[in-house]
Amino acid sequence: MMREIYPEGTMIVRASQVQSPARSIWFLTLQNLNTIAQRIREGEKVEPITRVGNQLISPITGRTLARALDQIIKKMHEEDNFRGVIHVSSTNAYSSADTCRMLAEALGLKGDFVEKMIVDTTLEKVAEDAKVRRKLDIVPTRPKNSILDVNRFIQEFGDGFLHPVEEEILRFLAQYRYLIEEKYPDLMQFIREQN
């Protein structure tokens, strides 16, 4: 069908776990940690948050994706035969739980607190909970390995555009620091008090 619509060919860009304020596991984690900080301050009982520990992901920031798309589009205009499928993601992978713990620690939370407050669950448990919560007969499960092979992108554009997860987290925090300070004041105050 694509060949009928685009007989000259097309480029399909696949991205993995784009992290932005719109909707992402990292912002959800910050929101959850802000709630935990509020409850601690008010002397209420806190429950840890769960993140999937048995699925590998390679998240990127929206800015990294935008920069990558810019390069792809430029090359498509320069080379008529630059077509096919290209993947854009981090250059390494961790579980969602691990990336969220890394995010929390990079923001300034202490490791022992992070380990207690962000705990692993399984992809299967998340699917089962969703099935019950939404009253569905079945819930499609996600693959346990959602890592994309970025070798073609790196071959075409070099090492300067895609980064390891650790660097994407630092870029995310630098880019959205103002928003994090504004949206999650209890979390930021909790971090200042702990340090």
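If you filter region 33-47 down to residues that are surrounded by fewer than 20 Cβ atoms within 10 Å (Cβ to Cβ) and either in a helix (DSSP H, G or I) or of a type in the set (Ser, Thr, Tyr) (or both), you find that the one that is nearest to the chain's Cα centre (by Cα) is 34.
When the criteria are applied in full, residue 54 meets the requirement of being surrounded by fewer than 17 Cβ atoms within 10 Å (Cβ to Cβ), within 17 Å of the chain's Cα centre (by Cα) and of a type outside the set (Val, Ile, Thr). Of the residues in region 64-112, how many are over 23 Å from residue 50 (Cβ atoms) and among the charged types (D, E, K, R)? Final tally of qualifying residues: 8. Scanning region 38-58 turns up at least one residue that is in contact (Cβ under 8 Å) with a residue 12 or more places away in the chain, among the charged types (D, E, K, R) and under 15 Å from residue 191 (Cβ atoms). Picking from residues in region 77-128 that are over 17 Å from residue 143 (Cα atoms) and among the β-branched types (Val, Ile, Thr), the one that is surrounded by the fewest Cβ atoms within 10 Å (Cβ to Cβ) is 85. Residues considered: 155, 189. Of these, the only one that is over 20 Å from the mean Cα position of the chain (by Cα), surrounded by 12 or more Cβ atoms within 10 Å (Cβ to Cβ) and of a type in the set (S, T, N, Q) is 189.
Just checking, how many residues over region 87-110 are closer than 21 Å to residue 188 by Cα, in contact (Cβ under 8 Å) with a residue 60 or more places away in the chain and outside any loop (DSSP other than H, G, I, E, B)? Residues that pass the stated criteria total 7. Can you find, within region 129-139, the residue that is farthest from the chain's Cα centre (by Cα) among those that are more than 17 Å from residue 49 (Cα to Cα) and surrounded by 12 or more Cβ atoms within 10 Å (Cβ to Cβ)? Restricting to residues being more than 17 Å from residue 49 (Cα to Cα) and surrounded by 12 or more Cβ atoms within 10 Å (Cβ to Cβ), the top hit is 131.
Computed from the coordinates by the stated procedures, all read-outs in this text should not be read as laboratory data. What you see is a predicted model; the values in this text were computed from it and never measured. Cβ sites come from the backbone with ideal geometry, for glycine too, and all protein chains shown count toward neighbours.
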